[in-house]
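Rule-based calculations on the coordinates, nothing more; no lab input. Bear in mind that the values here come from a model prediction, so they are computed numbers and not experimental data. Counting neighbours? That spans all protein chains shown, and the Cβs are built from the backbone with ideal geometry, glycine included.
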Amino acid sequence: MYTKKNNFELFESSVQSVREEWIDYNGHMNVAYYTLAFDKALDDFLEKNLEIGPTYVKREKKGPYSLQANYHYLDELRLTDEFFTKIYLINSDNKKIHLVLEMINFNTNKQVAVCETLLINVDLNIRKSVEYDIDVINRIEDYKKNSKIFKLPLQIGKEIKIRKK
């Protein structure tokens, strides 16, 4: 599934369905499973689009580690609700990737949650960050450039705070 604009296809994960074991005592999807769903979508994106997912990690013995993540829960998902995730690449350097993942309710097309995350490339042999190879940097830069044609979720870069009345 992809959103297409100017001959560029923004990554959209396959549609998932909320499982019974994901439901918490409030009767909706528990926050831990939002993280799991985002992580599954991210793995798929890294494998298919940037080619630095599980296959790359196994072959090259290096790959992306999560440094930071910020979540916004905007609407609830309930048992059997279907959803998918869009992924935007908003910034990068030779070692790091700044991504935004947007979860969308499949039936209503409403935004459900947003995850902003920062990944770093790590050499698994020495357990230290290393630069990506030039071919990987080129794929990252290409996806980043093309992601800019899409409107990003409004939650990007928001700090956590209690607003004064």
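Counting Lys and Arg as +1 and Asp and Glu as -1 over every other residue whose Cβ lies under 12 Å from the Cβ of ASN30, the net charge comes to -2. Every helix of 4 or more DSSP H residues in the chain counts as -39500 (n - 2.57), and over all residues that averages to -7500 deg cm²/dmol at 222 nm. In this structure, the residue pairs whose Cα-Cα separation is over 19 Å, taken from LYS86/LYS148; LYS86/LYS151; LYS62/LYS145; LYS86/LYS144; LYS95/LYS145, are LYS62/LYS145. Listed options for volume of the Cα convex hull per residue in Å³ are [x] 146; [y] 118; [z] 357. The value calculated from this structure is the one marked [x]. Computed from Cα atoms, the angle from the helix 134-147 axis to the main principal axis of the chain rounds to 40 degrees.
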